[in-house]
Amino acid sequence: GQATEQLAPYINSKYNPKDYKFIGDPIDYIIFNGMSNIKEKDDEINKIILMDIKTGKSQLNRVQKAVKKCIEAGNIEFQIYRPEKDIEKNESN
């Protein structure tokens with residue numbers, strides 16, 4: 001299973017292997033489809049895919065099912081966190 005997880009980006013010809021980022025837990029990969037083609041400011045990432053690799057009869061576990069359900073419901077967002085703002089706020093207290 002683990003060897004297949006590592007080789008999946010090279011086996012799955014649907015996406016460029018350079019677009020895969022391994023996380024491992026709870027989902028194996030985030031794929032930024034089109035990322036490796038960005039060269040100009042107008043270039044875009046086409047889609048972001050969370051992919052888990054399963055072999056044989058293995059199934060999603062409870063956490064993976066919950067992640068899938070959350071994404072399918074559209075409960076996903078992009079955030080920027082600036083730690084210095086919290087540090088400044090704590091220093092002024």
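The values are calculated or read from the model by the stated rules, or taken from the named source; none is laboratory data. Please read these numbers as outputs of a predicted model, since none were measured by experiment. Every residue, glycine among them, receives a Cβ derived from its backbone with ideal geometry; neighbour counts consider all protein chains shown. Ligands, DNA and RNA are stripped out before the accessible areas are found, and what is left, the full protein with its side chains, is counted by its heavy atoms. Shrake-Rupley method; radii C 1.70, N 1.55, O 1.52, S 1.80 Å.
Within the chain, what whole-number % of the accessible surface is contributed by carbon and sulfur, with the 1.4 Å probe and all protein chains included in the calculation? The value for the chain is 51 percent carbon and sulfur by accessible area. Taking all protein chains into account, the per residue accessible area for the chain stands at 85 Å² (1.4 Å probe).
Going by Cα centres, the stretch 66-93 and the stretch 5-54 are how many Å apart? The distance from the Cα centre of the stretch 66-93 to that of the stretch 5-54 comes to 23 Å.
Per-residue ellipticity at 222 nm from helix content only, as computed over the chain with -39500 (n - 2.57) for each DSSP H run of at least four residues, stands at -9500 deg cm²/dmol.
Each of residue 90 and residue 75 was given a label point 7 Å from its Cα along the Cα-to-Cβ line. The distance between the two points is 2.9 nm.
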